[in-house]
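Below is one structure; the comments refer to it alone.
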Amino acid sequence: MATAYVRSPISNGCISGKTQYCCGVCDGDVCNGSCGAHGTCAGGTSPVDIAYISGSLDLYLRVNYPTIRSIKTFVELRCCPGCANQYRRTIKVELYECPNAIYYIGSVMYAHVDNPQVSNNTVYNLTSSSKWLGTVPAGACGGCYTGRHSHMERSGGSTIAPCCAVGVTTSTNIYSWTFTPHAYCPASADK
Amino acid sequence: MMEIPKFITVPSQRFRRARSESFRLSIYLNSLSIYLILALALVACASPASPAVSPTSSSAPAETEATVEPAKASKTPAKTTGTQMEPQPTATLAPVTETPSTASAPLTSKEPFITADGLRLRFDSWAPENLWFAYWLGESEENLVSLAFANVDSGETCQYEDVKAQDLGSGRVVWQEDGSAIAILNREGKAIGGVPCEAFAPVDNVSLPNPYTRVDLSPDGRHLAERIILELEEQAFHTELRVTEVGTGRTIVSVPYIDSPHFVYGGPRWLNDELYLIGMTVDKGILYYSVSDDRVSNVFPDLLGLAMNDEQNVSTIGVQADPTFGEYHILLGMSDQGALLFHSELDQTEELHFYPGSFADGSGGWRSFSPDGKWLLFLSDTPVGNGEMDYWLRAVDPPSSAPVKIADQASSGGLSSNGQLMAFFRQGTVLIVSFPEGRLLSRWQAPNYWLDRLWWSPDGSRLVTYGSHMESGQEALFVIEP
């Protein structure tokens, strides 16, 4: 078996929403939160919000490379209708076992992405465990964005994020996908 | 070589009336949190009733050999022994000037104390007597999970198949002073209680803290501040702050504002008898209330003498307050620009060119001030640029105190409950550093597992750390005695 992990996109943050929003403003709550249902933006499941605390505002895809060798990104406006693009923008990242988007594992979606650094419908072969996706926007828009944070959803896999109010860093696992690895990548995939 | 962060002191225009009044040397009542009151009520209401539920477990003699199998939890519970296989950390103290990246403490391997065996697993909490911890096991995070306990001395574990929470993240355990535990199974307060690995019985009339309300009594006991979430509009929390006079019951101020789950600050809380920090708001900036002036105002222009526009760059607020003398410090994380540290006793604001870190462990919260209020934890980007951070410690006072690097290329795991040890993660391993000296004491790894969160025992003698297997994805808990 092999397991693909996606870690926190924010280098210094705090869990502020799981199945419900966290009430305790990162100062104590039940694990899954208790301040209202936390909806999804783009058809994913198991949303996780990570509040930005300090440090870099950059958002990164962080994975356990080389278990994940390539990704395919989809940049769309699928969240917060009626708000400015930095709140609406989502980046869905498909995860692949081999280079050139071969052998799909699962996908993760990031919402509220400013200054996107990847292109729509584009394959990237990874050379390290991180890929710069964009930045965390400032400001607010209605009830959909009320402070700097990253919203995540997944397709497939499991949620292993910490509980509400727990601090997260670049090493904190958020989602995982366990799969049976292929014996080898196709020759053109250069595994 | 990392450049030592710089400190710049800038003048402030403090709210001087509040300051002078805060200097009174009187004996204050202790500040009481409503959570403490509710916790006491919970104990009082805990009245075990039949029928009892027993863990479906079997006992085994205590194992003293150092080579027993690690305890494993499963759906078919059994009392097991384990963890006497403790490799003795033979760490040698590194020189004070050495940071964990260059020190040579041995790397000790740990085997799992609890493995999920294909199930999902979540650590809940330590018992106050430091021997037991509670955790939850289930087939998936969305479905019913059952309560389990482990004894870190004997290795005994047990699982209550009939004590179910609705999903992996909804149950919680409240420990009692007598060592018993009450497991709260849902949001309606369904609860069951007992002694770990013995019979459990339903508990009636459990009073749960209201997550929408927070109540704080002023240090002198004269005023009560209530923060009440009135309405949830997705992630916009329509909230009201009310301050009442305890003696008369008269509400002296009512402030509506919009709160957010993404605001991280050490409040709302009383800074002293006169000032109540409301904190960050979505719609009105960073607010505080002055009792003596009966005025709600913004922290930046009033307390710090800084431009109101700068408040929008604040991402986190930390507070250290001394209720005896009425003095306080406010730490303001400024997005990606560093931080500000306000010293009320000096009426000064320092500009810090690094970022607030947290002393909190996996139990949650965000605390950049050490529990004794003497130290600040900061972090800075590493030259490597891999997302991990360098960690710095400095005395809160006096201003411009020199920082000392205590860990590099790491992530904070939290300060021990006794305030003597600090844990860090680096690439899935755990580093233990003396506090506040910053000596590397030991390093711990779990082969093939990635460790990324931990919980210190109440006495600071042990920690439980969570790991996920890098190939199979299996979850496990490890017990470390640093």
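The values are calculated or read from the model by the stated rules, or taken from the named source; none is laboratory data. Computed from a predicted model, the values in this text were never measured in an experiment. Neighbour counts are summed over all protein chains in view; Cβ atoms, including those assigned to glycine, are modelled from backbone coordinates with ideal geometry. The protein model used for the area step is the full one, side chains on, heavy atoms only, and it has no ligands, DNA or RNA in it. Shrake-Rupley method; radii C 1.70, N 1.55, O 1.52, S 1.80 Å.
Below are the figures for this structure:
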read-out	value
Selection within the stretch B:402-414 - without any contact (Cβ under 8 Å) to a residue 60 or more places away in the chain and more than 12 Å from chain A (Cβ to nearest Cβ)	B:V404
Among residues of the stretch B:174-203, those that are touching a Pro at 6+ places or on another chain (Cβ under 9 Å) and either of a type outside the set (S, T, Y) or loosely packed, with under 15 Cβ neighbours inside 10 Å (or both), counted	18
Criterion (over 17 Å from the mean Cα position of the chain (by Cα), among the aliphatic types (A, V, I, L, M) and surrounded by 24 or more Cβ atoms within 10 Å (Cβ to Cβ)) met by exactly one of A:A187, A:A165, A:A183	A:A165
Test result for B:F300, in a helix (DSSP H, G or I) and either modelled with pLDDT of 95 or more or hydrophobic (A, V, I, L, M, F, W, C) (or both)	yes
Residues being of a type in the set (D, E) and within 12 Å of chain A (Cβ to nearest Cβ) - total across the stretch B:296-328	1
Selection within the stretch A:72-91 - surrounded by 22 or more Cβ atoms within 10 Å (Cβ to Cβ) and among the charged types (D, E, K, R)	A:R89
Test: B:W444 is open to solvent by less than 10 Å² (accessible area, probe 1.4 Å), within 27 Å of B:F149 (Cβ to Cβ) and touching a residue at least 60 places away in the same chain (Cβ under 8 Å)	yes
The stretch A:110-145: number of residues that are of a type in the set (A, V, I, L, M), assigned to a loop (DSSP other than H, G, I, E, B) and open to solvent by 20 Å² or more (accessible area, probe 1.4 Å)	2
All positions within the stretch B:375-401 that are open to solvent by 20 Å² or more (accessible area, probe 1.4 Å), in contact with a Pro (Cβ under 9 Å, 6 or more places away or on another chain) and touching a residue at least 24 places away in the same chain (Cβ under 8 Å)	B:W375
Residue count, the stretch B:232-280 (criterion: within 14 Å of chain A (Cβ to nearest Cβ) and either of a type in the set (F, W, Y) or not in a strand (DSSP E or B) (or both))	12
All positions within the stretch B:374-399 that are at pLDDT 95 or above and not in a strand (DSSP E or B)	B:K374, B:V396, B:D397, B:P398, B:P399
Any hit, the stretch B:132-143, residues being out of contact with any Pro (no Cβ under 8 Å at 6 or more places or on another chain) and farther than 24 Å from B:E188 by Cβ	yes
Qualifying residue in the stretch B:246-268 (condition: of a type in the set (K, R), on the phi < 0 side of the Ramachandran plot and surrounded by 15 or more Cβ atoms within 10 Å (Cβ to Cβ))	no
Wholly enclosed strands (runs of 3 or more DSSP E) of the stretch A:1-105 bearing at least 2 residues more than 7 Å from chain B (Cβ to nearest Cβ), hydrophobic (A, V, I, L, M, F, W, C) and touching a residue at least 12 places away in the same chain (Cβ under 8 Å)	A:2-7, A:45-52, A:58-63, A:70-77, A:89-98
Qualifying positions in the stretch B:116-134 - farther than 19 Å from B:S457 by Cβ and modelled with pLDDT of 95 or more	B:A116, B:L119, B:R120
Selection from the stretch A:146-191 of residues that are outside any loop (DSSP other than H, G, I, E, B), facing another protein chain (nearest Cβ under 7 Å) and among the small types (G, A, S)	A:S158, A:G167, A:S176
Failed criterion for B:G365 (all others in (1) touching a Leu at 6+ places or on another chain (Cβ under 8 Å); (2) at the interface with chain A (Cβ under 10 Å from one of its Cβ atoms); (3) surrounded by fewer than 23 Cβ atoms within 10 Å (Cβ to Cβ) hold)	(1)
Qualifying positions in the stretch B:159-213 - hydroxyl-bearing (S, T, Y) and more than 14 Å from every other protein chain (Cβ to nearest Cβ)	B:Y160, B:S180, B:S207
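For every residue, the table says whether it meets (1) within 13 Å of the chain's Cα centre (by Cα); (2) open to solvent by less than 20 Å² (accessible area, probe 1.4 Å).
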{"site": "A:N32", "(1), (2)": "no, yes"}
{"site": "A:C41", "(1), (2)": "yes, no"}
{"site": "A:L61", "(1), (2)": "yes, yes"}
{"site": "A:S70", "(1), (2)": "no, yes"}
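Here is a yes/no grid of residues against (1) in a strand (DSSP E or B); (2) at the interface with chain A (Cβ under 10 Å from one of its Cβ atoms); (3) crowded, with 24+ Cβ neighbours inside 10 Å; (4) modelled with pLDDT of 95 or more:
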residue	(1), (2), (3), (4)
B:N418	no, no, no, no
B:A423	yes, no, yes, yes
B:V430	yes, no, yes, yes
B:G438	no, no, no, no
B:L451	yes, yes, yes, yes
B:D459	no, no, no, yes
B:T465	yes, no, yes, yes
B:E471	no, yes, no, yes
